[in-house]
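One structure is given below, encoded as structure tokens.
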Amino acid sequence: MSELRPLVLCYHAVSDTWRHALSVPSSALEEQLRLLIARGYRPVGAAEAATGSGKLLHVTFDDAFTSFRNALPVLERTGARATVFACTGYADDGRPLAVPELRAEVDEHPAELETMRWDELRELAERGIEVGSHTVSHPRLPTLSDAGIAEELRTSKERLEDELGRPCTTLAYPFGDCDDRVRVAARLAGYETAFGLPGDASWNDPYDVFRVGVWGRRRDRGG
């Protein structure tokens, strides 16, 4: 028999009003988590999910959308453990995530793409939610120079540690995009774990941890 692997899920927005690939209703989130836990998956933190084996479950939320607030009661009811990955360049003012892939959605649904500010991220950390880096500006990292990659990874890590008062050891690559240069840069920046999307299905690389994306009904993905 093959070794059972942990299951790391990747969500983005949790909204009952935004019908988009990046958004799932809170009821769907709860149903999915309850089903997995009923089937024997054990909720664990990010580090154990990235390095352990067996039926371990961790839940991640990329982009730190304000709609993550809708996930908090679900996580508390189910006992699932979670990491929110935030772009530090957006946390100062909580503006919508205006990456090119989401330009039309920002125009039509700006409130759905608003991001969490530092006070909200600090509150999450105090409530036991892990907060990791999603870079500064949400670029496609493989398209940047070596210096540009290092700047995005180091600056976001340092800012999160300064603002939250705790180590930042985890990173999620925007769009799940990484290559050898990016993975080396993540290690050199001091991260212990980095998550892809989907990532390395062999589970041999702690700087490209495999995640399963959970998508809404529309499939035009952004981040």
| query | Within the chain, what percent of beta bridges assigned by DSSP are antiparallel, to the nearest 5? | reply | 5 percent
| said: I'd like the distance separating the alpha-carbon centroids of the stretch 1-32 and the stretch 110-135, in whole Å. | reply: 18 Å
| task | For the stretch 127-213, report the accessible area per residue in Å² (1.4 Å probe, heavy atoms, rounded to an integer). | result | 43 Å²
| What percentage of the solvent-accessible surface of the chain, computed with a 1.4 Å probe over protein heavy atoms, is contributed by carbon and sulfur atoms? | 48 percent
| query | By the gyration tensor of its Cα atoms, with a ≥ b ≥ c the square roots of the eigenvalues, what is the shape of the stretch 81-202: rounded for a/c under 1.5, prolate for a/b over b/c, or oblate? | reply | oblate
| Shape of the chain from its Cα gyration tensor (a ≥ b ≥ c, root eigenvalues): rounded if a/c is under 1.5, otherwise prolate when a/b > b/c, or oblate? | rounded
| task | For every helix of n ≥ 4 consecutive DSSP H residues, a contribution of -39,500 (n - 2.57) applies; sum these over the chain, divide by its total residues, and give [θ] at 222 nm rounded to the nearest 500 deg cm²/dmol. | result | -9500 deg cm²/dmol
| So how far apart, in nm, are the two label points at Asp119 and Thr17 if each is 7 Å from Cα heading toward Cβ? | 2.1 nm
| message | Could you give the length gained by full extension between Arg187 and Ala28, i.e. 0.36 nm per residue of separation minus their alpha carbon distance, to one decimal place? | response | 53.7 nm
| field | Estimated dipole of the stretch 144-223 in Debye, rounded to 20 [Cβ of Lys and Arg +1, of Asp and Glu -1, Cα centre] | value | 440 debye
| At what distance in nm do the modelled label points of Leu7 and Trp215 sit from each other, each positioned 7 Å from its Cα along Cα→Cβ? | 1.9 nm
| Using Cα pairs under 8 angstrom and six or more residues apart, how large is the relative contact order of the chain, in percent? | 22 percent
| note | Here, Glu158 and Lys55, labelled 7 Å along Cα→Cβ, have an inter-label distance in nm of 4.5 nm
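The values are calculated or read from the model by the stated rules, or taken from the named source; none is laboratory data. Quick caveat, the model's predicted, so the values are computed rather than measured. As a convention, Cβ positions derive from the backbone with ideal geometry for all residues, glycine included, and neighbour counts pool all protein chains shown. Just so you know, the surface numbers come from the protein's heavy atoms only, side chains and all, with ligands and any DNA or RNA stripped out. Shrake-Rupley method; radii C 1.70, N 1.55, O 1.52, S 1.80 Å.
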